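Everything below concerns the one structure shown next.
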Amino acid sequence: MKQRAKSALVVAACFTAGLWVIYFLTLPFQSALLPGLGIIPRQLQGLDGILFSPLLHAGTGHLISNTLPLLAFAFLVLLEGLRRFAAVLAICWLASGLGVWLFGGGLTIGVSGVVFGLFAYLMVRGFYNRDLIQILLGGVLFLIYGSLLWGVLPTAAGVSWQSHLFGAAGGVVAAIVLRRRGDGPESRNGPAFRRTRS
């Protein structure tokens, strides 16, 4: 378990740090990259933003606000294994991006839709896995980060609540799709190892 936690922390830290590296590398080209690689709702030229927009941020404040929760949530999901994390990440990433492309209100960038997805997954997975420890952990996370859930409502101008809402929906879908089945070891432990911003 100690080695798994160490590996999870390293991967989560590298993933989060990678966003900072991308931010600084792309900083001189943001005026061209953000419109070109962000999500432009209901426009074919904005469809590739589903893949690229979570890697882009409008400023250091935007990225800072996502850094700590992303690191924490990624670490907790990674404790279930790298393949499980990759599957949850992919579902949340695509759900958030598709939701914004279909229903968004403007050019959208940022990883917070993924953050909301990981948070929602951690909140509900215990109920689908029938795991008391995971349910209790979800409760603790709710006490600490529950205020994040206001972000799924259109309460702040210039912030993509659609990204948050559909990212969170993706987290719930991931919990359902990846719920434990049977009693084998993999089942118990998981697999091995206008511009808006989200």
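The values are calculated or read from the model by the stated rules, or taken from the named source; none is laboratory data. All of these numbers come straight from a predicted model, not from anything done at the bench. Every residue, glycine among them, receives a Cβ derived from its backbone with ideal geometry; neighbour counts consider all protein chains shown. Heavy atoms of the whole protein, side chains included, go into the accessibility calculation; ligands, DNA and RNA do not. Shrake-Rupley method; radii C 1.70, N 1.55, O 1.52, S 1.80 Å.
Considering each residue of region 20-52, count those that are among the aliphatic types (A, V, I, L, M), open to solvent by less than 80 Å² (accessible area, probe 1.4 Å), assigned to a helix (DSSP H, G or I) and within 18 Å of SER163 (Cα to Cα), and give that number.
Looking only at that region, the number is 3.
From the list TRP93, TRP101, exactly one residue is over 16 Å from the mean Cα position of the chain (by Cα), open to solvent by 20 Å² or more (accessible area, probe 1.4 Å) and among the aromatic types (Phe, Trp, Tyr). Which is it?
The unique qualifying residue is TRP101.
Can you go through GLY170, GLY117, GLY126 and tell me which one is over 22 Å from LEU47 (Cβ atoms), assigned to a helix (DSSP H, G or I) and not hydrophobic (A, V, I, L, M, F, W, C)?
Exactly one residue qualifies, and that residue is GLY126.
Filter region 108-161 for residues that are of a type in the set (S, T, N, Q), more than 16 Å from the chain's Cα centre (by Cα) and open to solvent by less than 50 Å² (accessible area, probe 1.4 Å) and give the result.
Selection gives ASN129, GLN134.
Here is a list of conditions, (1) among the charged types (D, E, K, R); (2) modelled with pLDDT of 80 or more; (3) part of a helix (DSSP H, G or I), and ARG180 meets all of them except one; can you say which number that is?
Among (1) among the charged types (D, E, K, R); (2) modelled with pLDDT of 80 or more; (3) part of a helix (DSSP H, G or I), the lone unmet condition for ARG180 is (3).
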